Structures are given as structure tokens and as C-alpha cells.
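Participant: First, the structure itself, so that you have it in front of you.
What follows draws every value from the coordinates through simple rules; no lab data is involved. None of the values given here were measured: they were computed from a predicted structure. All Cβ positions, glycine included, derive from the backbone under ideal geometry; neighbour counts span all protein chains shown.
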Amino acid sequence: MKKILFSIFILSFSFFSFLIAEEIQGDAEEGAKLFKKNCTACHSMDLEKQMIGPALSNVTEKRSREWLHKWIINNKSLRESGDKDAIAIYKEYGNLEMNLFPQLSNKQIDDILFFIQNPNSIKKKEKIESHEINRESEIEEKQFLTKLIVFCFSILSLILLWTLYRIQLLTKLLSETKDPIFDKKDFLIKILYNKILGKKKIRWRFLFCFVGFLFLLGIYGIWNSLMKIDVNKGYKPVQPIYFSHKIHSEINGIDCQYCHSSAKYGKVSGIPSANICMNCHITIDEYKGDYLEKGKNRDEYNQEIQKIYHSVGWNPETRKYSKKTHPIQWIRIHNMPDFVYFDHSQHVINGEKMIKKLKKVNLVCNACHGDVQKMDQVEMSNDFTMEWCISCHRNIEIDINNQYYKKYFSNDIKKENKITVDMVGGTECAKCHY
């Protein structure tokens, strides 16, 4: 009888647990986004690792949907109601209060719980997406290499054909007598020989002109090289901590202004402090993504995360900060000279709409900095010369609906149909040099 009752109890408990797990329905992809945004400060994204808060891998089986909703929205109120489980969890984790989330709707909480219940569905989708990204990049690289090889072979073939032709002509000239006989097809060589090379005076004049041409070409080369001093397009220094914008910005979708918070309203975009990095990496202590840059492996990425911990004095084992910090000496890539005034906010706020239109970009940052979100290692994508800036000011129109231009250039807007930045003082010297 005891065995029968025990079996019934086990079956009932399993069935009850199954009902608890199954009654939660939601969108796992949306739940993963909400979890990443609201929960990763205390809970691990892989759900099986204990961080500041507990591992959440089986929480939907241990607790009912109703209880989890109450706990997430207002765990303090749940404790004050005398709920034993809520009080026990609070005491177990050193009386640390979990954040309250009254702004989350029931559907959003269900999405989060559904993600916790079905994390593998997201991992499979991420693997498929990363595989597609890697495949597309490989196809593009192969196509580029094929085109480059074909182009190089074409140029080499033309050079070889021209060289063979000249050798043939030279052989004919050497084999002839003092008065060479030219074929009809060699009329250009015949003119060159009879008019220039065959006459001594004209030969020296030709040589003088040729030397003069080389001299002028040399002066042009020197001038051109001088004009490229401190033009650092393609500059790509090795940073003290390797940081892939492709992984952070494109794959994980982190907004530019999350790290460069002063880019929109400040003069400069600013270099983010290591504390910004720790907002995520306090829980992400190893790289588990599917994307790997060529020549790199996960261990190398993990070593870079450890460098962040070293810089801020964070011990991932004890999960405590020490007082020993080591500032990161980042190497600046985009830097205007001291005699040039440039304001990020003026371009991002006032010029965003028209810059996107002229440069045909989805993000205003890309107009000057290139496709940073696709770069593993950031490099300078444009010349950043005065000519480059002025040419932009002469071609880009102002946004007549922008409040700044409405207030300060209302008279000009009424007079002209098309107004470019240079028409409202965008090329005046004192705008940038004062």
C-alpha cells in the first residue's frame, strides 16, 4: 500500500511540475532581449552559473508562474506578506534586495520565463545566424580574392605583351643596316627614328624634354607626399585590450551611445571607462559566441576579458573589487589637431538627417567613421583633411525643419530653395579655426 501511495505521489508531483512548466507561454527571443537588458547585472546569461543572484536554469519548475510574477514585479511586497520562500531566498543571499520591476507587463515576464524554460531555442537560432554571417563574409572574401587575382593576371598579361612587342621591334632595328627598313605596321617607330633618334640635335632636345618631364613629375610626387603628412587613413593601432566592434555592436546590437555617451550632446564622443565594460562583463566572464575572427580563438577573447578585470581590480572568484586599479592606456585613432574646432553634437543633432541622406548611411556615425560595427579592429576610414570637410559642407543641405536653422537662419531659408552648409557660413575660416 505504501509503495502504491508513493508511486501515486511521485506521478502527481511530476504531473504538477509539468503543468507549471507548460502553462508558461511566450516569445523566447523577446524574453532573451528583456533578460539581457534587465537581469544580467545579477544573473548569468547561461542560466546555470550562480552570480550575484542564483542560477535560474530550473526556476520555472521549482516555482509557480503566479509566484514568479509576484517576485519579479515586487519581491519586497512578497516578503512583507510573509511568504516563506521569498524570505528564505532573501536571507540566503545575504539580505540583498533584488531590483523591483513594476514596469514589466505580464506578457514581458512570461517572455522572460519562457526564455529561461527554453534557452536552447535561442542558442540554436544564434548559431544559425552566426553561421550565415560567417558564410556570407567567406563568400564575399572569396569573390574579392577571385576578382583581385583576375585583375592582377590581366595587368601582368598586358605588361608582358607590351614588353614582347618592344623586344621584337628592338631586335629588328639592331639587325638592320644604318638605314633601317621598317614594315608598314611599324610606322610609329619609323617616325620616331627618322624625326628624332636619327638626328643628333633633335635627339638632345628630346632628351632634355624627357629629363624636364621627369623633373616636373618628381616635384609633383614630392608635393603630393608633403600634402599627405598626418593624413592617417587606414591607421589601425594595436590597442592594450583587443576590442571587437563587430562582436559588440553588430552581433550583440549594443548601441554606439551606450559606450560613447557624450557623442550626441558633447564636443567629443569620449572614451568609455572600464566601468562601462563591467556593466556586462561582471556576469560575462568568458566568450561563448559562435563568431570567431580569423586567426583567433575563444581563449584569446577570454584573456582580453581578464585584462578588463585586472584594470578595475575585480576578482571573478570572490566577486569583489580590490583597491588595486590599472588604468587602460587606449590609443586614440580619430583626433583633430589642436587648431581645429569640431563639435560632435552639432553634426549629430543638427545634421543627422541630411548627413544620412548625402552619405547614404543608416547611422550618422558611419558617415565619418565608416562601418565601425563591421570592424574587428577599428581603423581610420577617411582622410579627415580640410578639403574633405569643406567638400562635404559644399554638398550637404541644411535641414530646414531643424529648430536651430529655423531660429538663426529663418531669413536665408525663405530666400533660397536649396541651401547648403557653406551658404550659412560653413566654410568660413573662423568657424573651425579660432
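Participant: Before anything else, pin down the relative contact order of the stretch 245-321: Cα pairs under 8 Å, at least 6 apart, normalised by residue count, whole percent. Provide the component values of the computation, followed by the final result.
Facilitator: On the way: 48 pairs, mean separation 15.2, N = 77.
Reported relative contact order: 20 percent.
Participant: Kindly provide the GluC sites (Glu not before Pro) of the stretch 280-344 that DSSP labels as loop, not H, G, I, E or B, and whose Cβ sees at most 12 other Cβ atoms within 10 Å.
Facilitator: Details: sites: Glu286, Glu293, Glu300, Glu304, Glu317; in loops: Glu286, Glu293, Glu317.
Answer by residue number: Glu317.
Participant: In which sequence would Trp388, Trp71, Trp162 go, from the one with the fewest C-beta neighbours within 10 Å to the one with the most?
Facilitator: Details: Trp388 13, Trp71 22, Trp162 10.
With the sparsest Cβ surroundings first, the list reads Trp162, Trp388, Trp71.
Participant: What's the ranking of 97-108, 150-161, 249-260 by average number of surrounding C-beta atoms within 10 Å, highest first? Please list the in-between numbers first.
Facilitator: Details: 97-108: 12.8, 150-161: 10.0, 249-260: 15.7.
Result, highest mean first: 249-260, 97-108, 150-161.
Participant: Taking the Kirkwood radius as the inverse of the mean 1/r across Cα pairs, report the Rg/Rh of the stretch 23-117.
Facilitator: Working: Rg = 12.5 Å, Rh = 13.4 Å.
Expressed as Rg/Rh, it is 0.93.
Participant: I've got another one for you. Taking other Cβ within 10 Å of each residue's Cβ, how do His245, His326 sort, fewest first?
Facilitator: Numbers: His245 20, His326 12.
With the fewest neighbours first, His245, His326 line up as His326, His245.
Participant: Does the stretch 245-321 come out rounded, prolate or oblate by the C-alpha gyration tensor, with a ≥ b ≥ c the root eigenvalues, rounded set by a/c under 1.5 and, if not, prolate when a/b is larger than b/c and oblate if not?
Facilitator: oblate
Participant: Based on alpha-carbon centroids, what's the gap between the stretch 225-269 and the stretch 374-399 in Å, whole number please?
Facilitator: A separation of 14 Å, based on Cα centres.
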